[in-house]
1. Taking only protein heavy atoms into account and a 1.4 Å probe, give the accessible area per residue of segment 127-213 in Å².
2. At 1.4 Å probe radius, can you tell me the per residue accessible area of segment 75-125 in Å²?
3. Students often check this: by mean Cβ neighbours within 10 Å, which of 37-45, 215-223 ranks highest, and how do the rest follow?
4. With a 1.4 Å probe and every protein chain kept in, tell me what percent of the accessible surface of segment 172-236 is carbon plus sulfur.
5. Would you list, by chain and number, the lysines whose Cα falls below 22 Å from the Cα of LYS128, excluding same-chain residues fewer than 8 positions away?
6. Binning every alpha carbon pair distance of segment 151-260 at 10 Å from zero, what are the percents per bin?
7. Would you pull out the residues with amide H under 5 Å of SER83's amide H, same chain only if 5 or more places away, H placed 1.01 Å from N?
8. Calculate, axis by axis, the spread of Cα positions in segment 225-303 along the three principal axes, and write the results as whole Å, longest axis first.
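The values are calculated or read from the model by the stated rules, or taken from the named source; none is laboratory data. Note that the structure is a prediction, hence the values are computed from the model and not measured. Backbone-built Cβ (ideal geometry, glycine too); neighbour counts: all protein chains shown. For accessibility, only protein heavy atoms count, side chains too; no ligands or nucleic acids. Shrake-Rupley method; radii C 1.70, N 1.55, O 1.52, S 1.80 Å.
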Amino acid sequence: MPKRILLLVLCLLASLARAGAHPGAGGERWAGHEVVQVSVLPDRGYAWPRVLRDTSLIFAPADSLRPAQARRFWLKVALPNPSHYTEDAQLTVLPNLDNTLYYLDQNSRTWRTRRAGVAVATDSQWVKGALPLRLPAAATTTCYVRVDLGPRAARLSAVRLQVQLVPAARARRADQFSLLAWLVALAVLGLLLLANAHAYLRRRDRPTAWYLCGQLGAVLYLTAYRGAFKQAWPGPVFSQRLLPDGRSYAYTLNSALMHLSVVLLLLGLVQLTRTYLGTRARLPRLDTALRYGLVGYALFTLAVGGVNLSGFYLDQYALRLDNLLVLALLGLGLATAVTAHRRQLPLARPYLLATVLPLLGVGLAAGYHVALTVDNDGNLLPHLALVAHVLSFSLALNSHLQYLQHALLATERDAAALALDIGQQQLRHREIVLQNSHLQAALRADHRQQQAAHQDLQQQLEANQRELASTALYVEQKNVLLAALQGQIRALHKQRPDQEQALAGLQSVLNSNVYLDEDWGRFKVHFEQVHPRFFAELQANYPSLTPHEQRLASYFHIQLSAKEIAALLNIDPASVRRAKTRLYKKMGAADLLAGRAATGDAPTGE
C-alpha cells in the first residue's frame, strides 16, 4: 500500500480518537436524569381530546404494561428542567415499537404530535424511537405518549416500561461521533478499495478480486450498522418483535442488507484465504471445510432472512447462532493460516500476521454480540475491526503482489534465457544447414566428377572393347583368308603334282602363321587394358595351364562363341567345345585342390 494512503488513514483515525475523547461542552450543565413521575392509562379507544380534558380518566403509576389489559396505553410523563435556560431534549420510551408523543408547543400554545418507533415506516432517525421536544427553563413539562404494543404483544404477560430523557446536545454529539466514525471508516475503506481496484485492473489477480469483495461487504456492513439504509429507506417493516424487558426490534431493508454484507465479507475472507494460500492443492481437508462452512452460513442466512421477510421476526433467536457461526468460520480461517505457516507454504507467514489482528477484532465484535447484546449500540468495535481487516489484508496482498512480481521477473529471466538458448540453437541450426548445403554441393560436385570420370572410363572401356573386338575380327578374317589360301594350295597341289615340294613349303608357312599369330600380343595388350591382371591371376591360380589354354580362357572370359573361337584358331567348333570342357575340368580340379569355389563346368554346346 502506498505510504500516502497509510499516512492519511492514520490521520483520520487520530481525528476520530480526538472526537471521541473530547466531546463538545454544549448541554453538559444538565445531566438529564430528572424524570420524576410516569403514570399509565390503558387505552380503551380514547380520543386525544378526552385524554387531555377528561378528569375521570385516572393515570396510575406503573413500571410495566399489561398486554392483557389493552394493546395501547397512554403515558403521562412529567419532565422537570432545573436549568435557567430552555433545553432541547430527546425522550425515549420503551417499548418503542410505535409511540406517538403529544407535547405543547410553547410558541403557538397548541398541542402537537410526533410519531416514532422501530415499527414506524416513516421514522428515519439513526436511532429509531427518539422523540425530540423542548423543555421550558426552570419548569416541569407534562407530555403524553401513546404506546402501541402491536398485535403480537398478547403473548406476553407484562412488558417492562422505561422512560429515558437525555439532552439533545448529548444525543447530537453521540450521533455526530457515530457519523464521524462511519465516515472515517468509509474513507479508509474507500481509499484502500480504490488502491486495490487499481492494482486489480493492472493485474487480474484472484486474491485481489476476493479482497475487493470483502471490502464491499465491509462498506455495506458499516453503512447498515450506522443505519444509513434505515435513514434513506425507513420502510417497509417486514416483521417486528417485542420483548418482556421493553426492547423491540423490526426487520427492515437495513437489516436484510446487513445480513447480506456479512455474507459478502465472509465470502471475500474465505475465498481470499483459499486462493492466497492455495488450500485446494496444499490443504485439501481445510479447503473443503472452508467451502462447506461458507456455503452452510450462506444457506443459514438465506433461510433466516426468508423467515424474517415472511412476517415472523426470527432474529431474536438466530442472531446469537449467526454470530457463533461467524466465530466458527473465522476460527477455521485462522486455523488454516496457522497450518499453512507450520507447513511453510509460500507467503503463509505474512498472511498469518495479517490474519491475526483483523480476525481478533471481528471475532471480538461477534463475541460481543453473542455474550452481551445483539443490539447495534453504536460502539466502535466493528469499525476498528473492519478497518484493521482491510489494512492488514491490504498489506498481505501487497506481499502477495510483490511475490508474484518477483516470480514474474524470475519467469521473464528464464524466458529470456530460454529465448537466448533457442536463438543460439536456431543459429546453430542455420549453421548446420549451411554446412550441409556446402557438403551437399561438394558431394554433388564430387558426384559429377565421379560421373565424368566414370563416363571417361566407360568410354575408354567401350573403346578398348571395340578395339579388342576389331582385333579379334581382324585375326578371324586373316585366318579365314589363310584357310582359303590353304584350300587353294591343296587344289593346286592336286592340279600340279610336279610342284608338290614348293607347295608343301608354302603350306608350312601358312600353318605357322595360323598357330603363331603375331597379332596375339596386340590382342593381349588390349585385353589387359579392359581386364587388368587377368593373366597374372590366371597364372597364379592355375599355373598348370598352357599358353594355348590361357588364350582359350581369355576368349571364354569375353564370351566369344565357339564358332568365333574356331575361326580365330582355325579349328573345328567341336574341337573348341572339347577344349573348353577339358579347360574347365582342369581348372575345377585346381580349385578343389586349393580349397576355392569351383569355376564351373564347361557347357556342352552352344
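1. On the way: 4030 Å² over 87 residues.
Using a 1.4 Å probe on heavy atoms only, each residue of segment 127-213 averages 46 Å².
2. Details: 2280 Å² over 51 residues.
Dividing the accessible area of segment 75-125 by its residue count gives 45 Å².
3. Numbers: 37-45: 15.3, 215-223: 21.9.
Ranked from most to least packed, the peptides come out as 215-223, 37-45.
4. Numbers: 1920 of 2900 Å².
The C+S portion of the solvent-accessible surface of segment 172-236 is 66 percent.
5. Reachable lysines: LYS76, LYS230.
6. Over segment 151-260, the share of Cα pairs per 10 Å bin runs 12, 27, 31, 18, 9, 4, 0 percent.
7. Residues meeting the amide H criterion: ALA138.
8. Dimensions of segment 225-303 along the principal axes of its Cα atoms: 51, 28, 19 Å.
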